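In what follows, a structure is listed as structure tokens, so that the remarks can point back to it.
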Amino acid sequence: MQPIKALSVAAINELAEQLPHQRLHFLLFLAWDAPDIAEEELISLFRPLVDRGLVYFCAWGANCEKVHDAVDHADRERLHQPDDFDRIIMTTWHAKESLAKALWFFKVCAVPVEAYDPANCDRFAVAVGNPDWAAELEREVLAIPHDADDEVQLGLDDEDD
């Protein structure tokens, strides 16, 4: 797996253009307090990411369930043949987890479907419009071990669950 690159954008409409992915596909963790906007508007925000090679998506923040659903809808729009479903975008949302736990999940558990080689996918953790989250993402990306033996030790067994 490629290392995670932590990024920050001021607004969600900047995201697709500012992702510096160099490989054909990418995984994305998005920390964003999404406004309460129409579903179609949300879907249109994520179509460019789907078109540019998104293969795994984790959403965290206010309205992350709706953001997750918008990515699912954008993905279904591009799947036209029954054979396309082996290339589905995996999506998760993490409304009840801390930012650190959600990012841990992304780091350890986010693996695209078999059609996409994870070794050839870029990975990004992006904060939208929140410098504090951006700083936390940067710290957490550096703090989360990359070694599989260390990852198992972290677990998700905090008492606040």
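The values are calculated or read from the model by the stated rules, or taken from the named source; none is laboratory data. Bear in mind that the values here come from a model prediction, so they are computed numbers and not experimental data. Here Cβ is always computed from backbone atoms with ideal geometry, including for glycine, and neighbour counts include all displayed protein chains.
Here are the criteria: (1) modelled with pLDDT of 90 or more; (2) in contact with a helix residue (DSSP H, G or I) (Cβ under 9 Å, 6 or more places away or on another chain); (3) hydrophobic (A, V, I, L, M, F, W, C); (4) farther than 14 Å from Leu27 by Cα. Tell me which single one Leu79 does not satisfy.
Condition (1) is where Leu79 drops out.
Right, His21: at pLDDT below 95 and in contact with a strand residue (DSSP E or B) (Cβ under 8 Å, 6 or more places away or on another chain) or not?
When the stated conditions are applied, His21 passes them.
Taking only the stretch 133-157 into account, find how many residues are modelled with pLDDT of 55 or more and closer than 17 Å to Glu97 by Cβ.
8
I'm trying to understand the selection: among the residues of the stretch 3-25, which are out of contact with any Asp or Glu (no Cβ under 6 Å at 6 or more places or on another chain), surrounded by 14 or more Cβ atoms within 10 Å (Cβ to Cβ) and either of a type in the set (Ser, Thr, Tyr) or touching a residue at least 60 places away in the same chain (Cβ under 8 Å) (or both)?
Across the stretch 3-25, the qualifying residues are Ile4, Lys5, Leu7, Ser8, Val9, Ile12, Leu15, Leu19, His25.
Please give the number of the condition Ala34 fails out of (1) within 16 Å of Leu137 (Cβ to Cβ); (2) touching a Gly at 6+ places or on another chain (Cβ under 7 Å).
Status for Ala34: all satisfied but (1).
Are any residues in the stretch 87-135 under 12 Å from Met1 (Cα atoms) and among the small types (Gly, Ala, Ser), and if so, which ones?
Ala110, Ala119
Any chance you could count how many residues in the stretch 26-52 are in contact with a Lys or Arg (Cβ under 9 Å, 6 or more places away or on another chain) and surrounded by fewer than 17 Cβ atoms within 10 Å (Cβ to Cβ)? Break it down into steps so the answer makes sense when it comes.
In the first step, residues of the stretch 26-52 are kept if they are in contact with a Lys or Arg (Cβ under 9 Å, 6 or more places away or on another chain); the result is 26-29, 34, 36-37, 39, 42, 47, 50-51.
Subset that is surrounded by fewer than 17 Cβ atoms within 10 Å (Cβ to Cβ): 36-37, 39, 51.
Total meeting the criteria: 4.
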